[in-house]
Structure formats: structure tokens, C-alpha cells
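The values are calculated or read from the model by the stated rules, or taken from the named source; none is laboratory data. The structure presented is a predicted model; accordingly, all values stated were derived computationally and were not measured. In this analysis, Cβ positions are derived from the backbone assuming ideal geometry, glycine residues included, and neighbour counts consider all displayed protein chains.
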Amino acid sequence: MDPSSLESSTVSVVYTKEPETPAAEVQATILDEGLPPVDRGLHAWIFVIAATVLETWIWGGGLSFGTYQNWYTSSPDSPTIGSSISAVAAIGTCYLAFQYVAAFSLMPLWTRYPQHVRKLLWTFLVVECASLVGASFATQTWHLILLQGILPGTAGAVFYGPALLWLSEWFVDRRGLAGGILFAGTGIGGTVFPPIIGVLLQRVGFRWTLRIWAATFAIVVGFALFYMRPRHSAASMRANGNTIVDWKRFSNPTLVATVPTVFIQALGYFPVSIYIPTYTTSSGLSALDGQLVLSVFNLFTVIGQVLLGFLCDKFSYTLVVVLAGVGSALSAFLLWGFGSNIGMIFAFVVVFGVTAGGFSSIFAPVGAAVFGKKTDFVSAGVIPGYLGALRGIAAIVGPIVSASLYSPNEPPLSGAYGLHGFGRMEIFVGTMTAITIVGGLLSWALTQVERRRAIKGAARQESAVS
């Protein structure tokens, strides 16, 4: 075999995984016998639709908490009267933190005991709905922290983990696109639900708003759970030993480089999602304009999820990371930094929404790069939860850091740059997203090292055989 043909035969390992062994390929073939096809067909796309609906509701609820918080801190009928703003904010923070972090923490249980997963999904649907109804009777802030924050967040984590794991079963070559569509549910929920909840709060108050949300959640998420099924049965998974996560490969150099990249990128993303309405109103525009800007931001986040996921199926995810970092950094430094009118603000949220908001779409392709597309789909499915947990920590840390950088009475940093006290925050966001470029380049370099190592290993095997 000549060197050129040898290199061609190992293109499939261009990311970080060594050539898949014949035994692994045989095991994957056995698992696939008699099952619906991957990447296509009615069953695969029904899964995507159901998982996206689930994503829309569990994350849309969390992203709507700002609307609840405004009501809790301003209405005379609020059960949080007398509590600090930070105590009220803890409700939404607990929801997102538990949902992000617990989703990853519980994944080893889902892989180890696949026969119990669907039972727990239905159990926690009851837990979440009962918790929300209980929250509607709250009279103190801690009631809401527990019943609107911790318990629903934990239930959301239970729903979310299996969706990520089963995605790797249903999709191989289109995993990036399918993951992008799934993650787009977050943006859809963040766009649609806040204004609806705002209207309900004004018309019927928080108690009936929570009850209505619980009822619709039970119906819609119930349908989603019914249709969101794994491709492989629990019996076949256990019979073939595909229930154990390969934790050793979590020390893979490319994954090690990707982890801080994801965290740093999220540090730069979340301050924008929180403060862009404030920046808009500080520019002399109305509160309605601020809500419109946020809705456009969430809308283009949806577009970014699908677009970046599609690109990850066509190119190395490391290239997508670099492109997303370039777009995010330039838009933060230039469009937001000099954003003195509504046109520039809209331009910023469009570009930043697509590039930074769509970043989660790399999570599934990272799993495929580290563990392979076809063989170890169990371990590959854990990666999105792992990276999502890091993103959840950044969702807490990033806004805290950026809040310390925001000073409404601070003059512009220079001339027309850094207006309305946001200058240091804009520099922070731009710097974090610029570091993402470095992380993408480092991950790319490490994949090349792994590729050359795989080629040499294949050459040695060929030489030994001949």
C-alpha cells in the first residue's frame, strides 16, 4: 500500500479517535441489525422533533425567568416582598444551575441502567408539574426557590440527559445538524415564552400563570416524551455491553483543549443575553425596543444552532469554533463597542446571535470526534452533557463578573466607544470570544497530531501484516 492511499484510508480518524477496531465494528453491526436506519427515515426525525419540543419547554421555561423576576420585584401581590433582588434571582439561578449540572451528573446512571430511564422520565414529569402547582401557593421566597427553581431544574436535567444520549444513537453523519436543531429549541423557547408569560402575569397573576404553565407542560412534554425513544432497546444495550462510559478517553488532548474553550466562550455569551435589553434602553430607546432586540437575538441564536451544526457535519468542528470566535469577537469589539443607534444594535445581535449563540452545536460533533461516530455512541452521547455542565457554571459566573464591570454612570472608554457604562463589559465579552479562536486553533493542532499518530500506527500494522 502506497503512502497516499494509506493516508486516504485514515481520513475517518482526522479528529482524535484512533482507527476503530474490527471487533468494535462487528459489535456496532450486531446492534444495528433489524433497527430503523440512522440519519434518515421517519423514526429518526420524529426523535429530533420530540427532543426539540422537549428542549423548547425545559429551557424556554428557564429563559423566561427574567419575566417572572420583574413581576416578583414590582408587584404588590408578590410573595417575595421584603426579599432582596439577589434572593429572588436565586430562583432562576437554581433552575438553570441544577438543570445544566445535574444533567451531566446523572448521565452515568442513564447509561448504566437504560431499562429504568423511561420510567424515571414519566415520574419526573409528575414531579415537575406538581412542583409548579405547589409553587403557585408559595408565600415566601424560599418556597419558590425550592418549587420553581430546584425541583423543576432537577426534573429538567432528568429529561435532558436521555435526549442527548439518544441523539448519538439516531444520528451519525448528520449528528451536527440534528444536534443543532435540538439545541435550537432553547432559542425558540427564549423567543416565544417570555412575552406570553408576561401577558399572563399581568392578566391572571403569578399563581394562575404557574398553574397554566404546569398544565400545558404536562400535555406538551408528555407527548414529547412518548415519541422521544432510544434507537436501541435496553436489553440489547446490556447484552452487548454498551452501558459503560469510557471515562479514560476524557483525558484525550483535544477534549482537554476544548473544555476550557467552551467555558470561556460561555463566559462571554451569557452577559450579552442578560444585558442587551438594558443596553438598548440606556441608548434612549423604549422598553419595547429592548424586548424586540432580545427576541431578535434569540431568533438568530436558533439560526446559528442549525447553521453551525450543519457546518460541523461538513468540516472539522475545530474550524467551526474558529469561525464562530472570529464573528463573535469582531461583533463584540466593533458593532457593540460603537453601537450608538438601533441599527448597529440589531446588527450586533444578529451576528453575535448566529456565531456565539449557535456555539452549543459543536457539542455532539466533539463527542463523535473523541469516541468515533459509530462504535461508542454511549460515551459520545455523554460529551454534550459534560460540556453543557461547564456552560451552566459559566452561566452563573459570567453575569457575576460582567455585573462588576458595568457602571451606568461611567463615561465612554474613548470618544464614541463603550457607551452607557458598558465599555469594560464589551471588552470582556470581546476578549472571551477572541480566546475562543485560540482554543479552536489549539484543538485543530492536536487533531493533526492525533491524525499523524493514527497514520503511523496504521502503517506499522500494514508493515507487520506484509
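Structure summary
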item: Pair list, Cβ < 9 Å and 6+ apart or interchain, from segment 313-341 residues that are in contact (Cβ under 8 Å) with a residue 60 or more places away in the chain to residues that are among the acidic types (D, E); result: D313/D173; A332/E426; F333/E426; W336/E426; G337/E426; G339/E426
item: Which listed residue is aromatic (F, W, Y), closer than 17 Å to S78 by Cβ and at pLDDT 95 or above, from F137, F124; result: F137
item: Meets criteria (assigned to a helix (DSSP H, G or I), among the polar types (S, T, N, Q) and within 19 Å of the chain's Cα centre (by Cα)) for T281; result: no
item: Criterion (in a helix (DSSP H, G or I) and either under 25 Å from A97 (Cβ atoms) or modelled with pLDDT under 85 (or both)) met by exactly one of I400, I437; result: I400
item: Subset of segment 297-324 (residues that are under 25 Å from T278 (Cβ atoms) and of a type outside the set (A, V, I, L, M, F, W, C)); result: N298, T301, G304, Q305
item: Number of positions in segment 136-179 that are buried (at least 24 other Cβ atoms within 10 Å of the Cβ), closer than 24 Å to V204 by Cα and free of Cβ contacts under 8 Å to residues at least 60 places away in the same chain; result: 1
item: Selected residue (criterion: surrounded by the most Cβ atoms within 10 Å (Cβ to Cβ)) from residues of segment 269-304 that are more than 19 Å from G187 (Cα to Cα) and touching a residue at least 12 places away in the same chain (Cβ under 8 Å); result: T280
item: Flag if F250 is at pLDDT below 90, more than 30 Å from W45 (Cβ to Cβ) and in a helix (DSSP H, G or I); result: yes
item: Unmet criterion (only one of (1) touching a Phe, Trp or Tyr at 6+ places or on another chain (Cβ under 8 Å); (2) modelled with pLDDT of 80 or more) for V449; result: (1)
item: Members of segment 87-135 that are of a type in the set (G, A, S) and buried (at least 19 other Cβ atoms within 10 Å of the Cβ); result: A90, G92, A97, A102, A103, S131, A135
item: Some residue of segment 386-394 being closer than 21 Å to T280 by Cβ and in contact (Cβ under 8 Å) with a residue 24 or more places away in the chain; result: no
item: Unmet criterion (only one of (1) touching a residue at least 24 places away in the same chain (Cβ under 8 Å); (2) within 20 Å of V259 (Cα to Cα); (3) surrounded by fewer than 23 Cβ atoms within 10 Å (Cβ to Cβ)) for A445; result: (1)
item: Candidate set from segment 310-369 (those that are among the hydroxyl-bearing types (S, T, Y) and surrounded by fewer than 24 Cβ atoms within 10 Å (Cβ to Cβ)); member that is farthest from the chain's Cα centre (by Cα); result: S340
item: Options R424, R452; residue that is touching a helix residue (DSSP H, G or I) at 6+ places or on another chain (Cβ under 9 Å) and of a type in the set (K, R); result: R424
item: Residue in segment 311-347 that is nearest to W444 (Cα to Cα), counting only those that are modelled with pLDDT of 95 or more and polar (S, T, N, Q); result: S328
